[in-house]
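Comments concern the structure below.
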Amino acid sequence: MADGSLTSSALTTAYLRRIEAVNPRIHAVLRTDPTALRQAAASDARHRRGETRGPLDGIPVLLKDNVNTRDMPTTAGSLALAGAPPDADAALVTRLRDAGAVVLGKTNLSEWANFRAAKPTSGWSAVGGQTHNPYVLDRNPCGSSSGSAAALAASLAQVAIGTETDGSIVCPAGMNGVVGHKPSRGLVSQAGVVPISAEQDTAGPMARNVTDAALTLSVLSGGEAMGPGGSHDLMDRPAHPGDLRGRRIGLWRLPSLGPQVDAVMTRTAEKLRTAGAEVVEVTLPHQERLAELEYPTLLSEFHRDIDAYLATRQGPRNLAELIEFNRTHPAERTCFSGQELFEQALVAPPTTSREYRAARAELKSLSRRSIDETMAAHHLDAIASPTNPPAWTTDCARGDNDVIPSSTPAAVAGYPSLSVPAGFVGQLPVGVLLMAGDHQDARLLRLGAAVEHRLDAWRAPRYLPSVGPGM
C-alpha cells in the first residue's frame, strides 16, 4: 500500500469476496459493514495525498460482536441485544477509525463470552449459530473469541479484535493456529465492550502474525503499549532466531493436556535452545487456590458490570430481566439450555461485601506472585506453556472439554500473555502461550515475534469435515 501497488479498496473487496465464498462453511463472520468500501476509498484518497494515519490506515479489521459499533448491531451473540445498535462506538473502535482502519464487520462469539451456562459450547450463539474450526470442521474453535480466530485462520481478514476474561483470546488463537495477544489490563479501554468483570476483562488484537498484533495493539492503546517506535521496530526489523540468544524462558509443561501436547512443548523447547535461548522447567505455585477463588469472584463482578452495561442498551435492563428473556425465548436454548452462571451471579455476594473483597484481594496477590516469584527465582524473560489441547469435537449435548489452566495466572493478575502457533497434533493446531510481568507487553511481543519466526509452525487450514481419534 505504501508504494501504491495495493489499494485498500482492492484489499477490502478481496476480503469481502472471500467472506462470501468461505464464511458459509465456518460461520465466523456475523455481518459485514455496508460502509466498508467507502471507508477503504477514503483511505486510498489519504494515501494518494500522502496523509496516511499510520500502518493500519486502510487495513480491514473484524470486531468481535461484543464490541459496540454505532452503525451495526452489537449482540454479544444474544437475541436480547439484537435490536437497535448502541448509541456510540466503543472507545477502541474510535481509535481504530481514527487510525484509518477499515471496520470490515463483526464476528461470532460464544454467547455472552461463554459466561452463561455451566456446560456451554464454545463458538455457539443464538444470533450466529455454531462457528467451526477451519482445520477440521466438526472440531471446536474454543471460546469466546471464536469467530475472530476462525476468520483469521480462514484468511477472512488480516487483523481482528477479541476480548478475554480468562483464555478467550489466547485459546481460540491457539486452537485456530493464529496469534492472539491479551494485553496488560488497562492498556486498552473497556468502555463500550460487553463485560464479564472489570477486574479482568480486556480487549486485544488477534492477527495472522505477531507484528500485525503489535501494530494493532499500538493503535488500541494509543501508543502506550509499545513505547516510542516500539511496534515500528517489529515492522521495520523482521524477527530472526538470533533474537532469542541469551533469553531465559521457563517451560510450564501442564501434562494434564496430554502426552501429544507435551511432545509439542518438548519440540518447542528444543527449537528455542537451538536458537540460543535457555529453557528451564518451572511450576507455577498457587494454581489450585486460584481455581477455587476465580469463578465465585467473577459471579459477583458480572452481576455488577452487566447491570451497568444493560442500562445503556435497549432490551433487558438488568440481569434478572435477561434471565427471564432467556426463559421465554426458545431460540436461546437450541444448543444448550442452561444459564446457571447467570442464576448464580444473581444471588452472588455483592462486590461491596467483605467476602468478595477478601477473595479478589487474595486472587490478585496470588496470581501476581505466581508469575513474579517464578520469573525472579529463575531470572526469566518469559514463561511458556501450552495454550490449548487439540480441538475437541463440538457437541451441544456434552458441552466443552476445556479445562485449560495456562491462561489463568496472567488473566487474573492482569498481566500480558501471547499465543503463537507451536505445532500440530495430527491436523489440529497447538499454540505456545508466553506470559510476562505487568505492562511488559512490548518486550513480550518482541520475544514472541522471535519465537514465531523460529518455530515457523503455521500451515493453512484444509477444512476437513472430520478426522479420526488419531487426529
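The values are calculated or read from the model by the stated rules, or taken from the named source; none is laboratory data. These figures come from a predicted structure and were not determined experimentally. As a convention, Cβ positions derive from the backbone with ideal geometry for all residues, glycine included, and neighbour counts pool all protein chains shown.
Take segment 95-106 and flag every residue that is without any contact (Cβ under 8 Å) to a residue 60 or more places away in the chain and part of a loop (DSSP other than H, G, I, E, B).
Once the filter is applied, which keeps residues that are without any contact (Cβ under 8 Å) to a residue 60 or more places away in the chain and part of a loop (DSSP other than H, G, I, E, B), segment 95-106 yields only G100.
In segment 193-206, what count of residues is obtained for those that are more than 15 Å from G167 (Cα to Cα) and surrounded by 24 or more Cβ atoms within 10 Å (Cβ to Cβ)?
The total comes to 2.
Tell me yes or no: at least one residue of segment 414-423 is within 18 Å of T374 (Cα to Cα) and either surrounded by fewer than 24 Cβ atoms within 10 Å (Cβ to Cβ) or of a type in the set (V, I, T) (or both).
Within segment 414-423, one or more residues are within 18 Å of T374 (Cα to Cα) and either surrounded by fewer than 24 Cβ atoms within 10 Å (Cβ to Cβ) or of a type in the set (V, I, T) (or both).
Answer yes if at least one residue in segment 107-118 is of a type in the set (A, V, I, L, M) and assigned to a strand (DSSP E or B), and no otherwise.
No, segment 107-118 contains no residue that is of a type in the set (A, V, I, L, M) and assigned to a strand (DSSP E or B).
Residue check, E321 against (1) without any contact (Cβ under 8 Å) to a residue 40 or more places away in the chain; (2) charged (D, E, K, R); (3) surrounded by 15 or more Cβ atoms within 10 Å (Cβ to Cβ), all met but one. Which one?
Every listed condition holds for E321 apart from (3).
Name the residue that is modelled with the highest pLDDT, counting only residues in segment 111-143 that are within 17 Å of N401 (Cβ to Cβ) and of a type in the set (K, R).
Of everything passing the filter in segment 111-143, R139 is modelled with the highest pLDDT.
Could you list, in sequence order, the residues of segment 170-191 that are touching a residue at least 60 places away in the same chain (Cβ under 8 Å) and within 12 Å of the chain's Cα centre (by Cα)?
Matches in segment 170-191: V170, C171, A173, G174, M175, N176, V178, V179, G180, H181, K182, P183.
Can you tell me how many residues within segment 30-50 are assigned to a loop (DSSP other than H, G, I, E, B) and either more than 20 Å from S155 (Cβ to Cβ) or modelled with pLDDT under 95 (or both)?
Going through segment 30-50 one residue at a time, the tally reaches 3.
Could you list, in sequence order, all residues of segment 275-299 that are more than 23 Å from the chain's Cα centre (by Cα) and touching a residue at least 12 places away in the same chain (Cβ under 8 Å)?
Of everything in segment 275-299, those that are more than 23 Å from the chain's Cα centre (by Cα) and touching a residue at least 12 places away in the same chain (Cβ under 8 Å) turn out to be A275, G276, A277, E278, V279, V280, E281, V282, T283, P285, H286, R289.
Which of the residues spanning segment 300-318 are over 22 Å from the mean Cα position of the chain (by Cα) and either part of a helix (DSSP H, G or I) or buried (at least 21 other Cβ atoms within 10 Å of the Cβ) (or both)?
Listed by number, the residues that qualify are S300, H303, R304, D307, A308, L310.
If a residue has to be over 28 Å from N209 (Cβ atoms), not β-branched (V, I, T) and not in a helix (DSSP H, G or I) to count, how many in segment 239-283 make the cut?
Total satisfying the criteria: 1.
Considering only residues that are touching a residue at least 12 places away in the same chain (Cβ under 8 Å), part of a helix (DSSP H, G or I) and either surrounded by fewer than 21 Cβ atoms within 10 Å (Cβ to Cβ) or among the polar types (S, T, N, Q) (or both), which ones fall in segment 64-94?
Residues satisfying the conditions are L79, A91.
Is it the case that R53 is free of Cβ contacts under 8 Å to residues at least 24 places away in the same chain and either part of a loop (DSSP other than H, G, I, E, B) or farther than 21 Å from G128 by Cα (or both)?
Considered against the rule, which asks whether it is free of Cβ contacts under 8 Å to residues at least 24 places away in the same chain and either part of a loop (DSSP other than H, G, I, E, B) or farther than 21 Å from G128 by Cα (or both), R53 comes out as no.
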